Amino acid sequence: MGGFMKEKELRLALVCYGGASLAIYMHGITKEALKLLRASAAYHAIPSISARATARYGETAPDRPDDLDSEEIYFDLFRMIGERMDLRVIVDIVAGASAGGINGVTLSRAIAHDLDLEPVTRAWLDEADVEFFMTDEVRARAWSKAILVPIINTFSRLKLDAYSADEELRRKVSMFLRSRWFQPPFDGPTISDMFFRSIDNMDGGHPPRGSLIPSGQQLHLFVTVTDFYGHQQALRLHDPAIVNEREHRLLLKYDYISGLSGIKSDFDRDHLPGLIFAARATSSYPGAFPPATIAELEALLTQKNRDWPGKTEFLRKNFAIYFQQGAHPEAAHFIDGGVLDNKPFSAAIGAIRHQVAYRNVDRRLIYIDPNPGEEAPHINREAPKFLNTLLGSLSSLPRNQPIRDDLAFVASYNDRVRRVKLMIESARDRINATVDAIAAEAADSGPEGVREARKRAHRSVMREVGLFYEGYLDLKIEATLDYAFELICVPLEISPDTRKAHELREKFKLWAHAREITRREQAGPAPEGSYPAWLRFLDQFDLGFRDRRIRFLIRNLNQLYPELESSFETVSATELNKVKRSLYEILDTLQPFHDGSFIGKELTGIIRGQGQALFSGTEEECFAALDDIIARLSSRMSLEHSCVAIEDLLSRNVGATANLAVRRELLLAYIGYAYWDVLTFTITNWRNIGEFDEIRIDRISPLDATGLREGGKHATLKGLAFEGFAGFFSRKIRENDYLWGRLHGAERMIDIVCSAIPKDFRIAKQAEIEGLKTRIFNAIIASERDKLSTIHDEFELLDAEIGKRNARHPV
């Protein structure tokens, strides 16, 4: 078959560390990530593979107000890769803390609605300065604390020798050290206003151009903040049954979801204040800024005469546990998210496991570390001084916890994925042979025949696996009961972790036993023709099984793409894409059942009306209320509809669009899925492995980008001094670090993209890849030279380094 091109999605989950003024360096990196996504979207907007080979970025990309530079080189990179494969790059997960949280907010909004980062760049360069952050009442005058001037001058000579030529830095350090003490020097409302104006202006006052998230996909942003006073969290023990502890960590979540029901976005103008709050709260460095509050944000909105249409949704989504405990998030005070979670890997990893992909996936977790540790020549065993100990315990050490545990989890996750894949491949021939006879009878029948074949295969697996099925069934019932209980908690607005929920859960377990859901009358599967309570309950609420089955079908389709030119040569990738899109649409119909959004106001009111019986009634009254709630939820969900949709797809649509070999593969996967679920469910900790692909981890830091200058962070970045705050004292430092962020980001983006292509092709194209890097360095430097007016010396050094690189790696 001619014209087939192997397809792959390179899916990036970004983790952005904290780093004070090094946020400006990270901003340069995230700007390159955005430009890479623009180039990928523009390349794939061209439907014809042959037309892509000669296209130019400017011919297909929408008009944007910011300058074109590195996008054109990224586009040419995709054209080069297009000689071998069709590679699409997507950023679908972003997690950030502190300075990284700010960059996570701005990048995610830009991705969700295809907006510009230039207003954010201007704010970082023009306004991220101590003189801007400090109000007149705080800022020192010429003779403030004049007695300290000799001491400050001595400090400057000792500590600022490397910045001797930066008069602005020395002047502002002196002013800062002589300003008001024992209160935060920086003004909260001022930086909130900076965030508001820059993030608000990303759309230029115009409607969004679209999105850089493909149709049917999602973007998730996680931002860490620290609740200074914390909230109560219940823990279950043996004795006492429940204890409370105080939790200070809080994870704010924002989503962009493109589905059948339309687009749901937490990044549009209605939800803008929630994003401003995240940026302000996550970066509220203790001692430098006052704690962030909802009241501060609302005062800013009043000042600007702006509404917050998404306020209720934002508070309910992110502060549900506060409301459940009778607390109000408006009364809470939030400080820097990096205090307790400066490297939010767990949020990104958790989200990866629930993502779906349209093509074969190369999943990466990329962390941006502006200040990486370097190998020390020896361990300093000198006892730390009193002040070092105090400062380290309060700030430095919590922010620099190692990521070893997170990486160990990823390694374990990858091992589990490999084991499950190996198990599936080892059992595939045997299971297919068992299911083949059943599937053959359904091959020429309609949906009813497919449905009956599915049920026959299910009965067959019950008989064949024997006692092993008992354990599988118990796990399924317990997992489904957990899901049903969490559904009940949604309209009742109680968190599963609260004391109230623990008490209700015990009653729910007793109800399940009384209704013979967990107290089955006999071991083994249900006799043919019978419909016991536990089986009916699984049919009504086992969302996980249906979700896993659809994803399994999609994974089986993905495995067919490499075989299109051999076993399935009469089928095109376009035809498989149509079938897969239909499966994703069916999967999308299940989404409201995962978060309880299907329940609606009317049913919510009915369930809340049962609260008295649930929490204070007799056992009989409580069980009657649960009977009613379960019946109503089941009727509203009607999960059997997903089976009907798949069976209709397999019996009609597939037959119309794909050959018999493809149809047989899908029928085997669907009808025989019960075998696969019994095989894999007990070893996946009840969790959906999601994309079912290993996670590879990459880093972006000054140590990893050496194509233009070696020496790491000390050879390139200027904002490392003062615990990373130096950039707030000098525009020259900010311009330098922003420029190097772009240069390092561009180099690493090319490295990461090229690592997703076949090794032999990458080696053959190595000279061309290096030439693209040379071009992208030239493009960025040319674009920024006139805008960055204080770093002429740095540009002269770069010109010399570019000249040497041009000789080694010509364009």
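Determine, yes or no, whether Ser21 is outside the structural domain of Glu575 (by TED's automatic domain parsing), modelled with pLDDT under 95, assigned to a helix (DSSP H, G or I) and crowded, with 24+ Cβ neighbours inside 10 Å. Explain how you work it out, then say what you get.
Values: outside the structural domain of Glu575 (by TED's automatic domain parsing): yes; modelled with pLDDT under 95: yes; assigned to a helix (DSSP H, G or I): yes; crowded, with 24+ Cβ neighbours inside 10 Å: yes.
So Ser21 passes the test.
Would you tally the residues in segment 28-58 being of a type in the set (Gly, Ala, Ser) and part of a helix (DSSP H, G or I)? Let's see the steps before the verdict.
Restricting attention to segment 28-58, the residues satisfying the condition of being of a type in the set (Gly, Ala, Ser) are 28, 33, 39-42, 45, 48, 50-51, 53, 55, 58.
Restricting the remaining residues to those that are part of a helix (DSSP H, G or I) gives 28, 33, 39-42, 50-51, 58.
Looking only at that region, the number is 9.
So is Gly446 more than 38 Å from the chain's Cα centre (by Cα) and either in contact (Cβ under 8 Å) with a residue 40 or more places away in the chain or surrounded by fewer than 14 Cβ atoms within 10 Å (Cβ to Cβ) (or both) or not?
yes
Quick one: which of Glu296, Glu313 is touching a Pro at 6+ places or on another chain (Cβ under 8 Å) and either surrounded by 20 or more Cβ atoms within 10 Å (Cβ to Cβ) or over 16 Å from Tyr229 (Cα atoms) (or both)?
Values: Glu313 fails: touching a Pro at 6+ places or on another chain (Cβ under 8 Å).
Only one candidate qualifies: Glu296.
Can you find, within segment 527-575, the residue that is modelled with the highest pLDDT among those that are of a type in the set (S, T, N, Q) and under 17 Å from Arg664 (Cα atoms)? Explain how you work it out, then say what you get.
Within segment 527-575, the subset of a type in the set (S, T, N, Q) is 530, 540, 556, 558-559, 566-567, 570, 572, 574.
With the extra rule that they be under 17 Å from Arg664 (Cα atoms), the set shrinks to 556, 558-559, 566-567, 570, 572.
Numbers: Asn556: 82, Asn558: 76, Gln559: 74, Ser566: 53, Ser567: 56, Thr570: 57, Ser572: 66.
Per the stated criteria, the residue is Asn556.
Go through the residues of segment 87-96 one by one and say whether even a single one is among the small types (Gly, Ala, Ser), in a helix (DSSP H, G or I) and modelled with pLDDT of 95 or more. Let's see the steps before the verdict.
Our first condition is that a residue be among the small types (Gly, Ala, Ser); within segment 87-96, this holds for 95-96.
Going one step further and asking which of them are in a helix (DSSP H, G or I), we end up with none.
Within segment 87-96, none of the residues are among the small types (Gly, Ala, Ser), in a helix (DSSP H, G or I) and modelled with pLDDT of 95 or more.
Condition check: assigned by TED's automatic domain parsing to the domain that holds Leu481, in contact with a helix residue (DSSP H, G or I) (Cβ under 6 Å, 6 or more places away or on another chain) and free of Cβ contacts under 8 Å to residues at least 12 places away in the same chain. Does Glu621 satisfy that? Please lay out each step first, then the result.
Values: assigned by TED's automatic domain parsing to the domain that holds Leu481: yes; in contact with a helix residue (DSSP H, G or I) (Cβ under 6 Å, 6 or more places away or on another chain): yes; free of Cβ contacts under 8 Å to residues at least 12 places away in the same chain: yes.
Criteria met by Glu621.
Answer yes if at least one residue in segment 279-287 is of a type in the set (A, V, I, L, M) and over 20 Å from Phe728 (Cα atoms), and no otherwise.
Here is the first cut: in segment 279-287, the ones of a type in the set (A, V, I, L, M) are 279, 281.
Cutting the leftovers down to over 20 Å from Phe728 (Cα atoms) gives us none.
Within segment 279-287, not a single residue is of a type in the set (A, V, I, L, M) and over 20 Å from Phe728 (Cα atoms).
Test each condition in (1) surrounded by fewer than 17 Cβ atoms within 10 Å (Cβ to Cβ); (2) more than 30 Å from Ser283 (Cα to Cα); (3) in contact (Cβ under 8 Å) with a residue 40 or more places away in the chain for Arg696 and report the one that comes out false.
Every listed condition holds for Arg696 apart from (2).
How many residues are at pLDDT 85 or above and not in a helix (DSSP H, G or I) when one looks only at segment 636-684?
3
Being in the same structural domain as Gln324 (by TED's automatic domain parsing) and free of Cβ contacts under 8 Å to residues at least 24 places away in the same chain, is that true of even one residue in segment 263-274?
Residues of segment 263-274 in the same structural domain as Gln324 (by TED's automatic domain parsing): 263-274.
When the remaining residues are screened for being free of Cβ contacts under 8 Å to residues at least 24 places away in the same chain, the result is 264.
Yes, there is a match, as at least one residue in segment 263-274 is in the same structural domain as Gln324 (by TED's automatic domain parsing) and free of Cβ contacts under 8 Å to residues at least 24 places away in the same chain.
Across segment 584-606, what is the total count of residues that are in a helix (DSSP H, G or I) and over 27 Å from Leu649 (Cβ atoms)?
Here is the first cut: in segment 584-606, the ones in a helix (DSSP H, G or I) are 584-595, 600-606.
Imposing the further condition that a residue be over 27 Å from Leu649 (Cβ atoms) reduces the set to 600-606.
Count: 7.
Can you find a residue that is within 22 Å of Met134 (Cα to Cα) and either surrounded by fewer than 19 Cβ atoms within 10 Å (Cβ to Cβ) or of a type in the set (Asp, Glu) (or both) anywhere in segment 753-767?
Narrowing segment 753-767 to residues within 22 Å of Met134 (Cα to Cα): none.
Among the residues of segment 753-767, not one is within 22 Å of Met134 (Cα to Cα) and either surrounded by fewer than 19 Cβ atoms within 10 Å (Cβ to Cβ) or of a type in the set (Asp, Glu) (or both), which makes the answer no.
Of Ile733, Ile757, Ile752, Ile763, which residue is farther than 23 Å from Asn371 by Cβ and touching a residue at least 24 places away in the same chain (Cβ under 8 Å)?
On the way: Ile733 fails: farther than 23 Å from Asn371 by Cβ; Ile752 fails: farther than 23 Å from Asn371 by Cβ; Ile763 fails: touching a residue at least 24 places away in the same chain (Cβ under 8 Å).
Checking each option against the conditions leaves just Ile757.
For the structure I just gave you, tell me whether Gly310 is touching a His at 6+ places or on another chain (Cβ under 8 Å), touching a residue at least 40 places away in the same chain (Cβ under 8 Å) and closer than 19 Å to His220 by Cα.
Details: touching a His at 6+ places or on another chain (Cβ under 8 Å): yes; touching a residue at least 40 places away in the same chain (Cβ under 8 Å): yes; closer than 19 Å to His220 by Cα: yes.
Here the answer is yes, as Gly310 does meet what is asked.
Is it the case that Phe468 is modelled with pLDDT under 90 and part of a helix (DSSP H, G or I)? If you could, list the steps in order and put the result at the bottom.
Values: modelled with pLDDT under 90: yes; part of a helix (DSSP H, G or I): yes.
The answer is yes for Phe468.
Which helices (runs of 4 or more DSSP H) does segment 284-363 wholly contain that include 2 or more residues that are of a type in the set (D, E, K, R)?
Working: elements: 294-304, 311-318, 320-324, 345-352.
By residue number, 294-304, 311-318.
Can you confirm whether segment 192-213 contains a residue that is without any contact (Cβ under 8 Å) to a residue 60 or more places away in the chain, surrounded by fewer than 18 Cβ atoms within 10 Å (Cβ to Cβ), in contact with a His (Cβ under 9 Å, 6 or more places away or on another chain) and farther than 29 Å from Gln303 by Cα?
no
The values are calculated or read from the model by the stated rules, or taken from the named source; none is laboratory data. All of these numbers come straight from a predicted model, not from anything done at the bench. Ideal geometry is used to build each Cβ from the backbone, glycine not excepted, and the neighbour counts take in all protein chains shown.
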